Amino acid sequence: MNPAALILTCLVLAHGQHTDAFANPRSPLFGHGHGVCPPSSRENMPSTCSYTSPSTPTSSTSIPRASSSSSTPASPAPRKGFLGLLDKVNPLKFREFGVGNELKDGIAAFYDESTGIWEEVWGDHLHHGYYYTGKEKDHQKAQLDMIEESLRFSGIGVAEESEIKRVVDVGCGIGGSSRYLARKFGAQVRGITLSPFQCRRAQALTHKSGLEDSAKFEVADALAMPFSEQSFDLVWSMESGEHMPDKRRFLKELVRVAAPGGRVIIVTWCHRNLKPGERLTRFERGLLKLINSIYFLPPWVSMDAYVALAQEEGLTEVKTADWTRQVKPFWPAVLRSCLNLKSIKVLLTSSTVRRGALAILYMMLGYSTGLIRFGVITGRKPK
Ligand SMILES: C[S@@+](CC[C@H](N)C(=O)[O-])C[C@H]1O[C@@H](n2cnc3c(N)ncnc32)[C@H](O)[C@@H]1O
């Protein structure tokens, strides 16, 4: 084994030692009611992209406004021996995120810092491409194909297009999907993100493309959306679900804002499905923790878990597909794009971007070992 692979494996195994949310049936991943965007993260937001609080009080299913201290899990005690030494020399300052405000502030800061360079190199979609043959060279086109394939998978063909008049883009980035869907359907689109930077960029790009009357953006939490129930014919979540610390709450919100007969589409990173009683291996848990600490992700779930939640929250016609093969060329392409001059300049100056680049290798390792699966889950709210 070469030294780099050895170090990588040591770090992964060391992190597999930490406790695992999946081992705990009371894990907040499947629970209800966790924190909303904390005042600290909203204070400095510009008025046009300031935090929007939910319009609908959520009474029994409400999200308590937990203080950081109560909602953020205490740091684990320092470890001894070899593992403690690894922690000390670890240049990445690994963190595990629970359900608290620290996660949301981290997500906002991560995208505030890294979206600019992503946009310069990749354009306005922050998501995987869909590759039919694996040989395609036009990655931006592959990203648009991802949107088209997701719509097709959910059953939206030409005949259904006129049904889609109101869309919510949950975790909208800089509004790539929002503008695409606004144009395609002639729909009114509302986009939400945790990142004020993304919100401002989404507004600017939308203005530039003349769609400002069709697509509007705000900083808001997907787990407590500022929209009334039954507001949207299409509820769209493109690669934001992996950031959600409470998957049940997430599904509940998506279903709440969907109109009767409305469609919900979730495209997201999952871990492999597990057999009854099986858990991820220590290596797999360690690898995911490394990725989580860099990309500000809470513990992952499988596609099976998403399907179960979608059904439990009342969606019908629930369907899922594993598109891991179809996205395979994406991360190697992202890795190559780091070698572009602009990227290298930013890599040298931003530790967040440097860490993000390192995580590309972890993502590739996750895909190649079968741990990471790329999933689409769709369903309809009953009429
Ligand atoms: C990988 S980006 C995807 C952006 C966009 N969907 C796209 O495909 O270009 C993840 C997005 O999820 C958003 N996000 C993560 N957690 C969120 C939350 N709790 N509420 C709202 N947005 C969230 C981030 O702010 C970011 O915009």
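The values are calculated or read from the model by the stated rules, or taken from the named source; none is laboratory data. Since this is a predicted model, take the numbers as computed values, not measurements. Neighbour counts run over all protein chains shown; Cβ positions are idealised from the backbone, glycine included.
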Consider ARG201 against the criteria (1) closer than 18 Å to HIS125 by Cα; (2) surrounded by fewer than 19 Cβ atoms within 10 Å (Cβ to Cβ); (3) within 15 Å of the ligand (Cβ to nearest atom): it satisfies all of them except one. Which criterion is unmet? (2)
Can you name the residue in the range 216-243 that is within 13 Å of the ligand (Cβ to nearest atom) and free of Cβ contacts under 8 Å to residues at least 60 places away in the same chain and is also nearest to PRO299 (Cα to Cα) among such residues? GLU242
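Listed here are the residues, each with its yes/no results for (1) at pLDDT below 95; (2) not in a loop (DSSP other than H, G, I, E, B); (3) not aliphatic (A, V, I, L, M).
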| position | (1), (2), (3) |
| --- | --- |
| LEU339 | yes, no, no |
| VAL346 | yes, yes, no |
| ARG354 | yes, yes, yes |
| LEU361 | yes, yes, no |
| TYR367 | no, yes, yes |
Can we say GLU160 is over 19 Å from the mean Cα position of the chain (by Cα), free of Cβ contacts under 8 Å to residues at least 60 places away in the same chain and within 28 Å of LEU309 (Cβ to Cβ)? yes
So which pairs qualify, if the first residue must be in the range 169-190 and farther than 13 Å from SER209 by Cβ, the second must be within 14 Å of the ligand (Cβ to nearest atom) and basic (Lys, Arg), the Cβ gap must be under 9 Å, and the two must be at least 6 apart or on different chains? ASP169/ARG190; CYS172/ARG190; GLY173/ARG201
All but one of (1) within 19 Å of ALA333 (Cβ to Cβ); (2) in contact with a Lys or Arg (Cβ under 9 Å, 6 or more places away or on another chain); (3) β-branched (Val, Ile, Thr) hold for THR206; state the number of the condition that does not hold. (1)
Being over 22 Å from LYS319 (Cβ atoms) and either in a helix (DSSP H, G or I) or aliphatic (A, V, I, L, M) (or both) is the filter here; which residues of the range 163-179 pass it? ILE174, GLY176, SER178, ARG179
Of the residues that sit in the range 180-198 and are among the aliphatic types (A, V, I, L, M) and near the ligand (Cβ under 10 Å from one of its atoms), which one is surrounded by the fewest Cβ atoms within 10 Å (Cβ to Cβ)? ILE192
Per the list (1) closer than 21 Å to PRO245 by Cα; (2) more than 8 Å from the ligand (Cβ to nearest atom); (3) part of a helix (DSSP H, G or I), residue check on LYS104 breaks on (2)
So GLU136, is it more than 11 Å from the ligand (Cβ to nearest atom) and either outside any loop (DSSP other than H, G, I, E, B) or touching a residue at least 60 places away in the same chain (Cβ under 8 Å) (or both): yes
Looking at (1) part of a loop (DSSP other than H, G, I, E, B); (2) touching a residue at least 24 places away in the same chain (Cβ under 8 Å), which is the only condition GLN143 fails? (1)
Could you tell me which residue of the range 140-154 is farthest from TYR180 (Cα to Cα), considering only residues that are more than 9 Å from the ligand (Cβ to nearest atom) and buried (at least 20 other Cβ atoms within 10 Å of the Cβ)? SER154
Which members of the range 286-304 meet the condition of being at pLDDT 95 or above, part of a helix (DSSP H, G or I) and not hydrophobic (A, V, I, L, M, F, W, C)? ASP304
